[in-house]
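Any read-out appearing in this document is the output of simple, stated calculations on the displayed coordinates, not a laboratory observation. Fair warning: this is a prediction, and the values are worked out from it, not measured in the lab. Heads up, the Cβs are rebuilt from the backbone with ideal geometry, glycines too, and the neighbour counts pull from every protein chain shown.
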Amino acid sequence: MPFTGLPVAVRRGEVDAARPWSLSPAHLRRAPVAPALVLPSPNGSAIAAMVAGLVVAGCLRNAAAVAHWLLAAGYGVPSRPVVVIAAGERWPDQTLRPALEDLLGAGAIVEALAAGGAASLSPEAGAVRAVHRATGDIRSTLRDCASGRELVARGYAEDVDIAAESDQSAVVPVRRGGAFAPAA
């Protein structure tokens, strides 16, 4: 297994001195830098594992970088289309829980692909682009959506604010050998 010996992020409430990494972006900002880290994301990981071919992880924070990298690599044309998936989450009973933050991230990526010259957009891509365009204040919207309200109520408002920081990261995570690493 490629992850043997790597530190693994824990749930937000399980962070301690020995395990300072969690899926909380605020915790990660304060934690010691790890050369490699396993970030267990049940829904996103399951989707990434099922997809054949190139898989790139994107969100609001790196939407422009992801689109630029894809277009520079020759994607976004009819012979090399891009599929953008808003992963969502899972309810406790394992049914799909749509996540507005993922839909807005998908819309931001589609917007950046279109601005960069992608050949055409499907009606579905156009719809998520329209939702992203119609959303005014992303930070307020994320704080007011279901998952944002839950995180704020649990004391993780900073995580919501970090997620809303549009185009603040130039890192483009690409799946290679079952793990994500920065694009070359």
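Brief remarks follow.
- Here nothing in the chain passes the span test, since no DSSP H helix has an alpha carbon length of 24 Å or more along the helix axis and a Kyte-Doolittle mean of 0.0 or above.
- Cα-Cα pairs of the chain separated by more than 20 Å (percent): 57 percent
- For segment 11-28, putting each phi into the Karplus relation 6.51 cos²θ - 1.76 cosθ + 1.60 with θ = phi - 60° gives couplings of 5, 3, x, 9, 5, 8, 4, 7, 10, x, 9, 9, 6, 6, x, 5, 4, 5 Hz, in residue order, rounded to whole numbers and with x for Gly and Pro.
- Legend: ranking of residues Ser79, Ser140 from fewest to most surrounding C-beta atoms inside 10 Å; resulting order Ser79, Ser140.
- Net charge of neighbours whose Cβ lies under 15 Å from the Cβ of Glu89, counting Lys and Arg as +1 and Asp and Glu as -1: +1
- D (Stokes-Einstein, µm²/s), Kirkwood Cα radius, segment 1-40, 1.002 mPa s at 20 °C: 209 µm²/s
- Ranking Val131, Gly88, Ala67 by Cα position along the charge dipole of segment 41-173, where only Lys, Arg, Asp and Glu carry charges on their C-beta atoms, puts Ala67 farthest toward the positive end.
- Positive minus negative residues near Gly53 (Lys, Arg vs Asp, Glu; Cβ under 11 Å): +2
- Counting only Cβ charges, +1 for Lys and Arg and -1 for Asp and Glu, the dipole size of the chain around its Cα centre is about 320 debye.
- Amide H within-cut-off set for Ala99, under 5 Å, with H built and near neighbours excluded: Gly88, Glu89
- Approximate shape of segment 17-68 as ellipsoid semi-axes (Cα gyration tensor, √5λ), whole Å, largest first: 24, 16, 10
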